[in-house]
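As structure tokens, the structure follows; a few thoughts come after it.
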Amino acid sequence: MKQHLIILLFFISLFSFAQDTTAPADTPYYPLPKPFPSENPPQDPDSSGYFNPKLMNPVVGIGPGILTFYGDVRDNKSIPSISRVGYNLSVSEHLSRSLLFSARALFGDLGGSENSARNVNFESSIRSGGLHLSYNFDNFLPKKRKVDPFVLTGFEYFEYLSKTDLFDASGNQYHFWSDGSIMNLD
């Protein structure tokens, strides 16, 4: 049965085709002017073929990342670090050919636990945000160059709220045993 199915699929594939080389190729659709220079670059030496003001829309980025604590609060008997998910949001807008404005935010949690003689743990909430302005010297330097220097200025807010406890949610004190387990005395 399996051989018959393979032979049938083989014969079906003989009569199918994926491309038709006799039809002319379609010209690609560009809803906005092409961001790259054309074959005939502009004659004005001060204009850049790579810069198109109609393509200066804001750039929005959002995504997850990993936050990990690498410090002295860790349990050597288990995984040395526990990673947690953090989220990043950024928005950038070209104000001119040389100026770029950016805003960003980061949210996440990280923590650590050590079951040893110290018996310590913590959990921290991280909140960060900032505004930046970048200048790239595009109006002074030649258009074709190997190095693209820039100056970045701005401010950043960073909040690190750490919490620790010695009691569980019911108000019972943690009891750490020599084998690394946490149990009550009952």
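Here, each number is a calculation from the coordinates, and none is a lab measurement. Remember, predicted model here, so these are calculated numbers, not experimental data. Cβ atoms come from the backbone with ideal geometry, glycine included; neighbour counts cover every protein chain shown.
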Net charge dipole size for the stretch 61-186 [Lys, Arg +1 and Asp, Glu -1 on Cβ; Debye, nearest 20]: 980
Ascending count of other beta-carbon atoms within 10 Å, so fewest first, for MET183, MET1: MET1, MET183
Residue order, fewest to most beta carbons within 10 Å, for PHE10, PHE137: PHE10, PHE137
Cα-Cα P(r), the stretch 61-186, percent of pairs per 10 Å interval: 11, 27, 23, 17, 12, 7, 3, 0
Positive-pole candidate from PHE122, ASN88, HIS132, dipole of the stretch 61-186, charges at beta carbon: HIS132
